[in-house]
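Enquirer: Shown below is the structure under consideration.
The values are calculated or read from the model by the stated rules, or taken from the named source; none is laboratory data. It should be emphasised that the depicted structure is a prediction, and the values quoted were computed from it without experimental measurement. Reconstructed Cβ throughout: ideal geometry from the backbone, glycine too, with neighbour counts over all protein chains shown. Protein only, heavy atoms only, side chains kept; ligands, DNA and RNA dropped before computing areas. Shrake-Rupley method; radii C 1.70, N 1.55, O 1.52, S 1.80 Å.
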Amino acid sequence: MGGACSRNQDRGNEDNSRRVLLRRFSKSGSLRWWASSFSCPSVDIQLRKGECPSLLELCILKINQDIDKYGTVSMLPRDISQQIFNKLVFSQRLTDVSLEVFRDCALQDFYLGEYLGVNDAWMDVISSQGSSLLSLDLSGSDVTDFGLTYLKDCENLMSLNLNYCDHISDHGLEGISGLSSLTTLSFKRNDSISAQGMSTFSGLVNLAKLDLERCPGIHGGLVHLQGLTKLESLNLKWCNCVTDGDMKPLSELASLKSLEISCSKVTDFGISFLKGLQKLALLNLEGCLVTAACLDYLTELSALSTLNLNRCNLSDVGCEKFARLENLKVLNLGFNDITDACLAHLKGLTKLESLNLDSCRIRDEGLINLAGHRKLNCLELSDTEVGNNGLHHLSGLSSLERINLSFTVVSDSGLRKLCGLSSLKSLNLDAHQITDAGLANLTSLTGLTELDLFGARITDFGTDYLKKLKNLTSLEICGGGLTDAGVKNIKELSSLMCLNLSQNCNLTDKTLEFISGLSGLISLNVSNSRITNAGLQHLKTLKNLRSLTLESCKVTANDIKKLQSTYLPNLVSFRPE
Amino acid sequence: MKKEDTVKLISAEGFEFVIDKEAAMVSQTIHNMLTSPGSFAESQHGEVTFPEISTTILEKICQYFYWHLQFASGKETEFPIEPELTLELMMAANYLHT
């Protein structure tokens, strides 16, 4: 009775969507709920209302309820015991005692990232999976160097995640030196790893992905990566010990596709060692001490499509070299001292899909150079000097899906230039001079899913225009001008998942009554309003709510807790707390 | 009950369960056996033998089939599973795609 095997090895996509979400919700208060909900295994079994559970699912749920009654599940096919294991981890019921049930089960995946209580005592059962174990996530655990010695028998291990493991040092690396099947290895934020310990990396010849983000002691150790000809991705973000000399050994890594060295000490000289990396597609130099001179080397990287030069202190000097980076699809120039003169050299980069000019000294005239960028789908102009005349040059960018115009000088009348951008999904208009009159110009943008009007001066009158934007999933209006009457219009936006109406101090419990029909909401913020405990009852219907923020209201943590325990099982983050 | 509307499921010990064909079809495996023309002897005789499934487990499986039909018609009750049967039941459920 064998079972069909289904594996989900690559969790990279999930990481991406998480990042997008984190960015999207960065204004909505606490982020803990995202962190906790995404560290769990991606597959979960739960009963869906109205859908008949299979007998197998019922059995898994049964075992999950009383795992302590079982001695072992090793007689089951591997994929079933894997499902039981995943369910226990997801529901936080797995302990060092119940773990014993899984001894010798030939499990392939142990996703125990951020799981409470994981330490060396767990390692014996983990290692008993032997050559079956392919993927192990112990991030955030108390596992020590000694614990890692147990992994010697897991010779087929392909993926090992030891992020945020504070008790692992160079000695621990010795313990994994024989795991030559490893293709993915991750050691984020490890203070102890040094050049000496990294010598064991030279034996991990199949390594394709190595993550050493925030490891402050690795200077001099990259020399041990020299022979790793299969290495495709190397993350050295926030390793501020990394210098130009550390770049030299990387010049041998012909397979390298992605290199991140943001916030290191690397200068133009260090970049010169990279010019032979013909497969390098992504280079992240954010916050490095480079100048436009490094662009000379980058032009030799024929595969380069993503370049991050955020906060590099670049000026217009030498920026004519950008014109030669014709294959770029993603370019981040945010927080540099560049002006329209630099933009003129981007005119020929027509493959650009994403351009970040956040806080650059860009004016209206500069944007004329972007008018031909028909593939551009994401444009970041926040904190620039762009105004209404500049938007005129963007009105033909039919691929544009996301544009950020927060803290620009764009005003209501300028928004008319956006009304033809029918692909637009995300629009940030967080600027004081935007008012109701501006919203009147947006009603044709019915594809919008995200609209940020955080600091705009929107009143009840303006919300009437929003009614047409039926696809909105995220909306922020925090300028103080809304009353309950305006929320009455917002309640018709039935796709909403995230709603931020904080700082509108005239909103009352009536607002919550209007919102009660928006059953798709997962995040709600109505801080600084006149909402009281009595109004909370209207939220009972918001079964999907995961985050609720009601700071500076007449609401107590206790009352939210009561609501949570009886009606809102998915609520994981709330304020006041 | 007409004979063609029922099937006979036979346990490892030779115990026979005669149940509605509709109920047995809840199992994807049995469904395939009974509907793929000619390829299984089972589809002609309406009889399936399970040499690896004990009588106790096969009885529980049959109960599940009927519970499933009830559930599908809107009667959502709880299906009881005794802890001592769970593991064996899972192996059978896995085999039967149930």
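Enquirer: Counting only residues that are in contact (Cβ under 8 Å) with a residue 12 or more places away in the chain and open to solvent by 60 Å² or more (accessible area, probe 1.4 Å), which one in segment B:64-98 is nearest to the other protein chains (Cβ to nearest Cβ)?
Expert: B:Tyr95
Enquirer: Given the criteria within 22 Å of A:Leu253 (Cβ to Cβ), in contact (Cβ under 8 Å) with a residue 24 or more places away in the chain and of a type in the set (Lys, Arg), does A:Arg214 qualify?
Expert: yes
Enquirer: Only one of A:Leu379, A:Leu448 is open to solvent by less than 10 Å² (accessible area, probe 1.4 Å), in a loop (DSSP other than H, G, I, E, B) and under 24 Å from A:Thr473 (Cβ atoms); which?
Expert: Values: A:Leu379 fails: in a loop (DSSP other than H, G, I, E, B).
Of the residues listed, the single one that is open to solvent by less than 10 Å² (accessible area, probe 1.4 Å), in a loop (DSSP other than H, G, I, E, B) and under 24 Å from A:Thr473 (Cβ atoms) is A:Leu448.
Enquirer: For segment A:111-136, give me the residue count where each residue is among the polar types (S, T, N, Q) and open to solvent by less than 10 Å² (accessible area, probe 1.4 Å).
Expert: So the count comes out to 2.
Enquirer: Out of all the residues in segment B:47-63, which are open to solvent by less than 50 Å² (accessible area, probe 1.4 Å), of a type in the set (Val, Ile, Thr) and either more than 8 Å from chain A (Cβ to nearest Cβ) or touching a Gly at 6+ places or on another chain (Cβ under 7 Å) (or both)? Walk me through how you get there before you give the answer.
Expert: Initial filter on segment B:47-63 (open to solvent by less than 50 Å² (accessible area, probe 1.4 Å)): B:48, B:50, B:53-55, B:57-58, B:60-62.
Next, only the ones that are of a type in the set (Val, Ile, Thr) stay: B:48, B:53, B:55, B:57, B:61.
Within segment B:47-63, B:Val48, B:Ile53, B:Thr55, B:Ile57 meet the criteria.
Enquirer: Hey, another quick one. So, of the residues in segment A:200-215 that are part of a loop (DSSP other than H, G, I, E, B) and more than 15 Å from A:Asn163 (Cβ to Cβ), which turns out to be most open to solvent (accessible area, probe 1.4 Å)?
Expert: A:Val205
Enquirer: Could you list all residues from segment A:464-515 that are charged (D, E, K, R) and either in a strand (DSSP E or B) or open to solvent by less than 70 Å² (accessible area, probe 1.4 Å) (or both)?
Expert: Answer for segment A:464-515, where residues must be charged (D, E, K, R) and either in a strand (DSSP E or B) or open to solvent by less than 70 Å² (accessible area, probe 1.4 Å) (or both): A:Lys467, A:Glu476, A:Asp484, A:Asp509.
Enquirer: When you check A:Leu157 against the structure, is it open to solvent by less than 10 Å² (accessible area, probe 1.4 Å) and out of contact with any helix residue (DSSP H, G or I) (no Cβ under 8 Å at 6 or more places or on another chain), yes or no?
Expert: no
Enquirer: Which numbered condition in (1) surrounded by fewer than 16 Cβ atoms within 10 Å (Cβ to Cβ); (2) at pLDDT 95 or above; (3) within 31 Å of the chain's Cα centre (by Cα) is the only one that A:Phe146 fails?
Expert: So A:Phe146 meets the others, but not (3).
Enquirer: I need the full set of residues from segment B:10-40 which are hydroxyl-bearing (Ser, Thr, Tyr) and under 16 Å from B:Thr98 (Cα atoms), in order please.
Expert: B:Ser27, B:Thr29
Enquirer: For segment A:78-100, name all the residues that are at the interface with chain B (Cβ under 9 Å from one of its Cβ atoms) and open to solvent by 20 Å² or more (accessible area, probe 1.4 Å).
Expert: If the condition is that a residue be at the interface with chain B (Cβ under 9 Å from one of its Cβ atoms) and open to solvent by 20 Å² or more (accessible area, probe 1.4 Å), then A:Asp79 is the only one that fits.
Enquirer: Quick one: which of A:Leu301, A:Leu343 is modelled with pLDDT of 95 or more, more than 23 Å from A:Leu222 (Cα to Cα) and of a type outside the set (D, E, K, R)? Walk me through how you get there before you give the answer.
Expert: Values: A:Leu301 fails: more than 23 Å from A:Leu222 (Cα to Cα).
None of the other options fit; the residue is A:Leu343.
Per-residue answers, yes or no, for (1) open to solvent by 10 Å² or more (accessible area, probe 1.4 Å); (2) among the small types (Gly, Ala, Ser); (3) in contact (Cβ under 8 Å) with a residue 12 or more places away in the chain; (4) not in a loop (DSSP other than H, G, I, E, B):
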{"residue": "A:Gly178", "(1), (2), (3), (4)": "yes, yes, yes, no"}
{"residue": "A:Lys188", "(1), (2), (3), (4)": "yes, no, yes, no"}
{"residue": "A:Ile193", "(1), (2), (3), (4)": "no, no, yes, no"}
{"residue": "A:Met198", "(1), (2), (3), (4)": "no, no, yes, yes"}
{"residue": "A:Gly220", "(1), (2), (3), (4)": "yes, yes, yes, no"}
{"residue": "A:His224", "(1), (2), (3), (4)": "yes, no, yes, yes"}
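Enquirer: Conditions first: (1) touching a Gly at 6+ places or on another chain (Cβ under 8 Å); (2) open to solvent by less than 30 Å² (accessible area, probe 1.4 Å). A:Asn336 passes all but one, so which condition is the exception?
Expert: Only one criterion in (1) touching a Gly at 6+ places or on another chain (Cβ under 8 Å); (2) open to solvent by less than 30 Å² (accessible area, probe 1.4 Å) is unmet by A:Asn336, namely (1).
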